Amino acid sequence: MEIVSGLLIILFALLGTPLFVIMALAALVAFTFTDVELSAISIEIYRISSQATILTIPLFTLAGYMMAESGSPKRLLRLADAALGWLPGGVAIVSLVICAFFTAFTGASGVTIIALGGLLYPILNNEGYDEKFSLGLITTSGSLGLLFPPSLPIILYGLVTGVDIDKLFIAGILPGILLIAVLSIYSIVIAKRNRTDKTQALSRKPFSMQELIAAFKGSFWEVLLPVGVLYGIYSGKTTTTEAAAVTAFYILIIEVFVYRDISITKDIPRIIKDSMSLVGGILLILCCALGFTNWLVDEEIPMHILEFMQTYLNNKWSFLFFLNIFLLIVGALMDIFSAIIVVVPLITPIAAEFGVDPVHLAIIFLANLEIGYITPPVGINLFISSFRFKKPVTELYKASFPYLILLLFALVIITYVPALSLAFIK
């Protein structure tokens with residue numbers, strides 16, 4: 001009977017049944033055949049839902065969506081261009097920074113690609129970058145901010161594992177900067193190479209302090225936001241949940257009443273609907289997957305995997321090598337929220353046995369899943385960009401490949417230099 005049930009679940013999955021339904025069915029079937037009360041699933045869902053930090057997910061998501069729907073992208077793009085546009089490859093670096101900023105607040109690469117792609121793509125092309133470079137840059141940048149606070153995947157990881165979310169916020173900053181720095185260096189190299197080509201002379205605008213000051217004044221209230229959020233959390237004046245509430249309220253006030261980009265009657269209801277659709281999807285997956293992951297833990301599946309791995313792996317560094325390969329595959333096949341809920345409970349106890357710091361493990365995990373967004377064949381950013389720019393997905397594979405290689409190089413550094421993640425952790 002167990003085999004028949006398993007085959008039916010696999011069949012439903014192949015027929016395109018939503019992931020949360022598959023997870024719920026797997027949990028119900030598994031607990032039924034192990035004679036465990038199904039109420040165990042409800043108890044675990046209640047445990048998660050009763051945590052105060054879960055409120056940060058809808059609040060930060062709403063704030064990010066309001067910013068994306070307002071004139072904020074244009075104002076911040078102007079500021080970043082004034083500050084960095086004079087550098088070789090400055091426009092590309094500006095694109096990386098702006099996309100990372102918005103992904104950190106929305107937690108969704110799709111929002112960044114859809115909202116900013118239309119702005120950045122023509123700018124990059126007008127600056128002399130070829131289409132392949134521009135497509136690859138925007139596709140990659142869509143998930144570039146997932147290591148920066150207040151990223152939703154970081155919050156969800158902390159909820160699932162019990163690792164201090166504030167520590168995860170700090171730990172992700174330097175690795176996140178490393179990813180941007182590696183891609184920025186590549187952009188500079190491409191800019192210099194193209195400048196030597198008479199047919200593609202990239203323009204290099206002069207630095208203007210007057211323009212920088214004007215751009216800063218124009219985006220002052222939005223620039224103040226990340227500084228205020230981080231100060232509030234790390235000074236101890238606010239909890240993460242309180243910071244999320246303040247952020248959502250602050251964005252509402254400045255976008256509706258200060259900049260007047262958004263109508264409180266026409267736009268806010270639609271924005272709430274769109275943002276809460278994403279949140280609803282995350283929470284639905286969370287609730288349905290918790291039961292299945294609990295069964296895996298109860299049946300000591302991680303310990304069986306550990307015993308198998310110890311047969312072939314004898315130290316932390318070899319474990320991390322195979323962990324990265326595994327997570328890259330997971331990231332290419334699953335969305336980051338499902339992967340956190342399903343995979344993290346499996347690898348956490350195994351990593352602990354090999355002596356991997358739980359905070360460092362979180363950054364390795366999230367960096368892998370971030371890269372998975374552009375990993376063929378089914379990296380989600382590839383398909384979002386294909387839809388946004390009306391290009392064949394195979395063309396996006398080619399455009400993103402150089403960025404994939406660069407990010408894998410950065411991943412090696414993040415994995416084997418723990419100090420990068422743990423430098424500011426007390």
- Task: Express in nm, to one decimal, how much length is gained between I54 and D130 on full extension, taking 0.36 nm for each residue of separation and deducting their alpha carbon distance.
- Result: 23.1 nm
- Note on the structure: In the structure shown, of K217/K273; K132/K390; K217/K237; K74/K398; K273/K390, the pairs separated by more than 22 angstrom at the C-alpha atoms are K217/K273; K217/K237; K74/K398; K273/K390
- From the Cα centre of region 372-426 to that of region 304-362, the distance in Å is 19 Å
- Task: Using a cut-off of 9 Å between beta-carbons, work out the net charge of the residues near S72 (Lys and Arg +1, Asp and Glu -1, S72 not included).
- Result: -2
- Give me the Kirkwood hydrodynamic radius of region 302-408, using the inverse of the mean 1/r over all pairs of distinct Cα atoms, in Å to one decimal. 14.8 Å
- Query: Give me the log10 of I(q) over I(0) for region 313-370 at q = 0.23, 0.24, 0.25 Å⁻¹, as the Debye formula computes it from C-alpha points; what are the numbers?
  - Reply: -0.89, -0.97, -1.04
- Place the peptides 407-416, 266-275, 86-95, 364-373 in order of packing, highest mean first, counting for every residue the other Cβ atoms within 10 Å and averaging per peptide. 364-373, 86-95, 407-416, 266-275
- Task: Could you tell me what % of all Cα pairs in region 52-162 have separations over 21 Å?
- Result: 36 percent
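Rule-based calculations on the coordinates, nothing more; no lab input. The structure displayed is predicted, hence computed values, not measured ones. In this analysis, Cβ positions are derived from the backbone assuming ideal geometry, glycine residues included, and neighbour counts consider all displayed protein chains.
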